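**Q** Attaching a single structure in C-alpha cells format; questions to follow.
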Amino acid sequence: MKRKLEKSTLVVEEPMVAYASINTPMVAMMGNTYANPTDFDLLNLARKGISKKALTALAKQISLTLEEIAGILHISERTLQRYAPTTLVKTEYADRAIELARLYERGIEVLGSAKAFNSWVKAPNLALNGEIPFNLLDTRIGFEMVLNILGRIEYGVFS
C-alpha cells in the first residue's frame, strides 16, 4: 500500500508480519537449518536425535525450565544436566521434543502470541475438567487433548 504525504513524498506501508522473526520453537530447536521443515525433515531429526543445546534453545524459546522439559520428555533432570551441549538425546525423547515444539507453534498460531499461549497453557481449563493443559503434556493422549482444545478455540467453540 502506498499513501501520499505532503510534497509528493511516498511512504510504503507493509504489514509488520513481513519483519517478524521466524524464530519459532521449531526453528529454535533445529537451528536455522530449516525455516519450514517437512514431516520427513522432522522424522529424520527424531531418528538422528536432538542435541542438548537444541533442547535448551527450545526451552528458552517457549519459556520452560530444564526441569519442565525433562518432565515432558520423561528423562531425569539430572541426566539431562549431565549431557554435554552436543550430546544427542535418544529418538523417543527427540520425538517428544518435536511434538512439544509443534504444540507451542500451534498454540501461538491460535492464540496470537507466545505470551498468550504461555498464560493459557498454565491456567486451569474448564474444557479439560479444570486441568492445567501443561500438566497433560506428559502423555501423547494429553498432547492430543490440548491440541483438540486449541482447534475448538480456533473455530470459536467454547473451550
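**Q** Assess whether Ile62 counts as being surrounded by 15 or more Cβ atoms within 10 Å (Cβ to Cβ) and either touching a His at 6+ places or on another chain (Cβ under 7 Å) or farther than 28 Å from Phe158 by Cβ (or both).
**A** no
**Q** Does any residue of region 109-121 turn out to be in contact with a strand residue (DSSP E or B) (Cβ under 7 Å, 6 or more places away or on another chain), outside the structural domain of Asn44 (by TED's automatic domain parsing) and charged (D, E, K, R)?
**A** No; the residues of region 109-121 include none that is in contact with a strand residue (DSSP E or B) (Cβ under 7 Å, 6 or more places away or on another chain), outside the structural domain of Asn44 (by TED's automatic domain parsing) and charged (D, E, K, R).
**Q** Are there helices (runs of 4 or more DSSP H) fully within region 47-132 with at least 1 residues that are under 11 Å from the mean Cα position of the chain (by Cα) and of a type in the set (A, V, I, L, M, F, W, C)? List them.
**A** Once the helices (runs of 4 or more DSSP H) in region 47-132 are filtered for at least 1 residues that are under 11 Å from the mean Cα position of the chain (by Cα) and of a type in the set (A, V, I, L, M, F, W, C), what remains is 52-61, 91-111, 114-121.
**Q** Follow-up. Only one of these is of a type in the set (D, E, K, R), in contact (Cβ under 8 Å) with a residue 40 or more places away in the chain and not assigned by TED's automatic domain parsing to the domain that holds Leu58: Glu131, Glu154. Name it.
**A** Matching residue, one of Glu131, Glu154: Glu154.
**Q** Quick check on my filter: what residues within region 133-144 are more than 16 Å from the chain's Cα centre (by Cα) and either part of a helix (DSSP H, G or I) or closer than 15 Å to Glu109 by Cβ (or both)?
**A** Ile141
**Q** Which one of the conditions (1) without any contact (Cβ under 8 Å) to a residue 12 or more places away in the chain; (2) under 26 Å from Ile153 (Cβ atoms) does Asn118 fail to meet, given that it meets all the rest?
**A** With respect to (1) without any contact (Cβ under 8 Å) to a residue 12 or more places away in the chain; (2) under 26 Å from Ile153 (Cβ atoms), Asn118 is out only on (1).
Per-residue answers, yes or no, for (1) modelled with pLDDT of 90 or more; (2) under 22 Å from Thr139 (Cβ atoms); (3) touching a strand residue (DSSP E or B) at 6+ places or on another chain (Cβ under 6 Å); (4) surrounded by 15 or more Cβ atoms within 10 Å (Cβ to Cβ):
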| residue | (1), (2), (3), (4) |
| --- | --- |
| Leu42 | no, yes, no, yes |
| Leu55 | yes, yes, no, yes |
| Ala70 | yes, yes, no, yes |
| Leu73 | yes, yes, no, yes |
| Ser76 | yes, yes, no, no |
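**Q** Let me ask you something else. Do you know which of the residues in region 136-147 that are modelled with pLDDT of 95 or more and surrounded by 14 or more Cβ atoms within 10 Å (Cβ to Cβ) is nearest to Ile69 (Cα to Cα)?
**A** This residue is Leu137.
**Q** Tell me, yes or no, whether region 151-159 has at least one residue that is part of a loop (DSSP other than H, G, I, E, B) and closer than 22 Å to Leu55 by Cβ.
**A** Within region 151-159, not a single residue is part of a loop (DSSP other than H, G, I, E, B) and closer than 22 Å to Leu55 by Cβ.
The values are calculated or read from the model by the stated rules, or taken from the named source; none is laboratory data. Quick caveat: nothing in here was measured; it's all calculated off a predicted structure. So basically every Cβ, Gly included, is an ideal-geometry build from the backbone, and we count neighbours across all protein chains shown.
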